[in-house]
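The values are calculated or read from the model by the stated rules, or taken from the named source; none is laboratory data. As the structure is a computational prediction, the values presented were derived from the model and not from experiment. Positions of Cβ are generated from backbone atoms using ideal geometry, with glycine treated the same way; all protein chains shown enter the neighbour counts. Ligands, DNA and RNA are excluded from the accessible area calculation, which covers all protein heavy atoms including side chains. Shrake-Rupley method; radii C 1.70, N 1.55, O 1.52, S 1.80 Å.
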Amino acid sequence: MMERRVRENSHARCEAGEKVESGAVAPLRPYLSLSWRPSDLAQRLGRIVRQGNKNPEVEIFRYVTEGTFDSYLYQLVENKQKFIAQIMTSKTPVRIAEDVDETALSYAEIKALATGNPLIIEKCQLEMDVNKLKILQASHLSQRYALEDKILKEYPQAIKRLTERIKGYKADIANVAKYPADKDRFPPMTVGGKIYAEKAEAGKAIIEACKVMTSPDPVALGEYRGFQMILSFDSYAKEYRVTLSGALSHTVKLGTDIHGNITRLDNAFEGFAASLHNCEESLADTRKQVEAAQGEVSRPFPQEQEYQTKSLRLKEVNSLLNMDEKDHTVLDASPDEADMAPVLQLAGRER
């Protein structure tokens with residue numbers, strides 16, 4: 001008993017994989033036996049297909065016997081590998097694991113070869129093709145549904161928003177043009193109800209307004225170049241901000257320099273033209289996306305005919321295989337001696 005147990009343990013350790021040299025061209029022990037787990041087969045393969053092997057190519061031999069238990073074993077390994085591949089690779093984003101990967105397909109081919117039936121081999125290839133086409137069709141439908149959703153919701157909202165912003169920028173640009181400003185000309189600024197005609201005085205008034213703020217909530221600051229100014233404090237960024245309120249709202253960060261704050265406000269006004277240009281380009285690009293999306297939505301699945309043809313052929317092959325199984329069952333069924341005993345007794349009595 002001890003000797004038998006040692007032999008079994010030695011065989012299990014050998015199953016996990018043999019140690020080979022860096023120049024191996026084929027496994028030391030051929031694949032005569034089949035494990036119950038795909039990981040064991042991968043472990044065997046990893047003993048030769050691995051980093052460190054100097055040979056660019058190696059040979060893997062698998063031996064199966066037609067009409068034996070090998071077909072059933074490969075079928076079990078195939079089903080296990082299908083489930084493992086679904087969970088580990090996520091090739092098909094579905095709740096049910098039903099797809100196969102390249103490793104699982106190789107087991108399926110070996111199973112087909114072991115049966116010796118050409119219909120099994122054809123079925124294996126058809127199942128692989130149909131599964132791949134099914135994934136492509138699902139991806140095509142998913143993209144079409146996403147585009148339909150964009151056409152109905154996202155693109156119209158984006159077009160409406162951009163159109164409103166373009167209209168707002170044009171109105172604000174026209175409003176700013178009424179109050180030109182440059183280094184030699186400063187339009188009056190109102191801060192806290194008082195009008196300042198000098199840039200330095202207006203800058204000091206802004207700093208003082210920031211100092212007397214007791215709450216981060218927005219408060220009215222004054223008016224500049226036809227825009228209402230709203231002062232606020234960002235507690236997270238620890239900075240004061242002025243919102244220029246016209247047809248649109250434009251936020252400007254403040255600093256500690258009296259002249260720099262006025263320059264920042266003027267730069268914001270000068271940036272209206274660039275912002276308008278960006279919105280117009282975004283609107284044109286969005287409309288092009290709508291046209292492209294409408295064309296894609298109307299485009300059918302390019303491999304629909306192939307998918308339908310191979311699916312129909314797969315059903316035919318499955319029907320033929322089921323008929324063969326029934327025929328074999330009928331032909332192989334022979335009465336036992338126990339079942340024939342009453343018949344023999346009746347025949348003897350008649351004699």
Open item on the list: Quick check: with the 1.4 Å probe, what order do LEU136, LEU147 take by accessible area, largest first?
Closed with: LEU136, LEU147
Task: Links that overshoot a 19 Å alpha carbon limit, given the list LYS134/LYS310; LYS183/LYS211; LYS211/LYS238; LYS170/LYS194; LYS194/LYS238 - done: LYS183/LYS211; LYS170/LYS194; LYS194/LYS238
- [ ] Would you mind computing, in nm to one decimal, how far apart the modelled labels at VAL297 and THR309 are, each placed 7 Å from Cα along Cα→Cβ?
- [x] 3.1
Task: By accessible area with a 1.4 Å probe, ligands and nucleic acids excluded, highest first: order of THR309, THR286 - done: THR309, THR286
- [ ] Round to the nearest 10 and report in Å² the accessible area of HIS277, as given by a 1.4 Å probe over the protein chains' heavy atoms.
- [x] 90
Task: Using a Förster distance of 41 Å, the FRET efficiency for VAL219-GLN143 (Cβ separation, nearest 0.05) - done: 0.25
TODO: Would you mind checking the pairs LYS153/LYS253; LYS167/LYS204; LYS178/LYS199; LYS178/LYS204; LYS253/LYS288 and listing those with alpha carbons more than 27 angstrom apart?
DONE: LYS153/LYS253; LYS167/LYS204; LYS253/LYS288
Task: Accessible area expressed per residue, the range 206-258, with surrounding protein chains retained (probe 1.4 Å, Å²) - done: 55
Open item on the list: How large a share of the accessible area of the range 118-216, in percent, is made up of carbon and sulfur atoms when the probe is 1.4 Å and the other protein chains stay in place?
Closed with: 56
Open item on the list: Using a 1.4 angstrom probe on the protein heavy atoms only, could you order GLU57, GLU304 from most to least accessible area?
Closed with: GLU57, GLU304
- [ ] Would you check the accessible area of VAL176, probe 1.4 Å, heavy atoms only, in square angstrom rounded to 10?
- [x] 10
- [ ] For PHE269, tell me the accessible area in Å² from a 1.4 Å probe, rounded to the nearest 10.
- [x] 10
TODO: Evaluate E = 1/(1 + (r/R0)^6) for LEU248 and ALA42, where r is the Cβ-Cβ distance and R0 equals 56 Å; express this FRET efficiency to the nearest 0.05.
DONE: 0.35
TODO: Would you work out what percent of the accessible area of the range 252-299, with all protein chains in place, is carbon or sulfur (probe 1.4 Å)?
DONE: 48
